[in-house]
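Here is the structure we will look at.
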Amino acid sequence: MITLKDRQPFAEGDNRWCFVHPDDPNLCLKVLKPGSLARQYRTAKWHKRIRGREALDDNLREANAYRQDAIVRGSERVWEHLARWHGQIDTDLGTANVTQLVGAEPGRPGPTLETLLKNEGLSPRVRTALDALAQWLRETGILTRNLLPHNLVAVEQPEDLKLMIIDGLGAPLAAQLTSGSARLRRRYIERRIRRMWLRVNWEAGGRSGRWEDVEQADR
């Protein structure tokens, strides 16, 4: 069993902590925060609660998302913009999802797109990287949730910048059920791309107004 309780996470979200694997600095361990699942269940809308607590478990949802056909049956191109999946392991903080730690050096996570937007705005190289990510989504057919800047990590390459998805993989149940239709899958992916640009422009523009209002206006 991996011991994490005395280690400092390098990042955290609303529901999970992220640790560098103590035995392999190229890997990231994601564990649920204590009490996060119970809190999510208490505050979830009724239609989400009736599916049970497992449906709200971010680690289980992510594990299932990596099993989608576009990844399982895809080529090596699948991993060009997606952190690799390495399964699950037991830790003293609970089951951990094991994924690639994206960064320039082992044990050192790269900067997020959120950080880049704060530092340089929507620069030409950031636009190019976002265009490349959008084209990859179209070509691979991989389903994601809304692609938020803090869930995209930037990797410096010799001539350009590459964005990697480290979180937010998968799709709501309705999209999963209709993903067998190529037309509906393409439409869903284009909505995610449009929403990605909407969020990027909102953040690069200084986050004027509430994101919830901006998002609602796009529905």
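The values are calculated or read from the model by the stated rules, or taken from the named source; none is laboratory data. If you're wondering where the values come from, they're calculated on a predicted model, not measured in any experiment. Neighbour counts are summed over all protein chains in view; Cβ atoms, including those assigned to glycine, are modelled from backbone coordinates with ideal geometry. Remember, those area values only see protein heavy atoms, side chains included, never the ligands or the DNA or RNA. Shrake-Rupley method; radii C 1.70, N 1.55, O 1.52, S 1.80 Å.
Output the direction-averaged projected area (hull surface divided by four) of the convex hull of the alpha-carbon atoms of segment 79-219, in nm². Before the final figure, lay out the partial values.
Values: hull surface 41.0 nm².
Hull-based average projected area comes out at 10.3 nm².
Leaving ligands, DNA and RNA out of it, report the carbon-plus-sulfur percent of the accessible area of segment 1-122 at a 1.4 Å probe.
Ligands and nucleic acids excluded, carbon and sulfur give 46 percent.
Counting heavy atoms of the protein chains only and a 1.4 Å probe, report the per residue accessible area for segment 1-131 as a whole number of Å².
Numbers: 7650 Å² over 131 residues.
Ligands and nucleic acids excluded, the result is 58 Å² per residue.
Once the other residues with Cβ under 12 Å from the Cβ of residue 20 are scored (Lys, Arg +1; Asp, Glu -1), what is the net sum? Cβ neighbours under 12 Å give a net charge of 0.
Accessible area of residue 127 (1.4 Å probe, protein heavy atoms only, ligands and nucleic acids ignored): about 110 Å².
Taking Cα pairs under 8 Å and at least six residues apart, what relative contact order does segment 119-219 come out at, in percent? Walk me through the numbers on the way to the answer.
Values: 90 pairs, mean separation 30.5, N = 101.
Contact order relative to length: 30 percent.
Counting lysine pairs in the chain that sit 8 or more residues apart in sequence, or on different chains, and whose Cα atoms lie under 30 Å apart gives 11.
How much of the calculated P(r) for segment 1-146 lies past 25 Å, in percent of all Cα pairs? Above the 25 Å cut-off, segment 1-146 has 39 percent of its Cα pairs. For segment 56-116, the equivalent ellipsoid built from the Cα gyration tensor has semi-axes of 20, 19, 12 Å, listed from largest to smallest.
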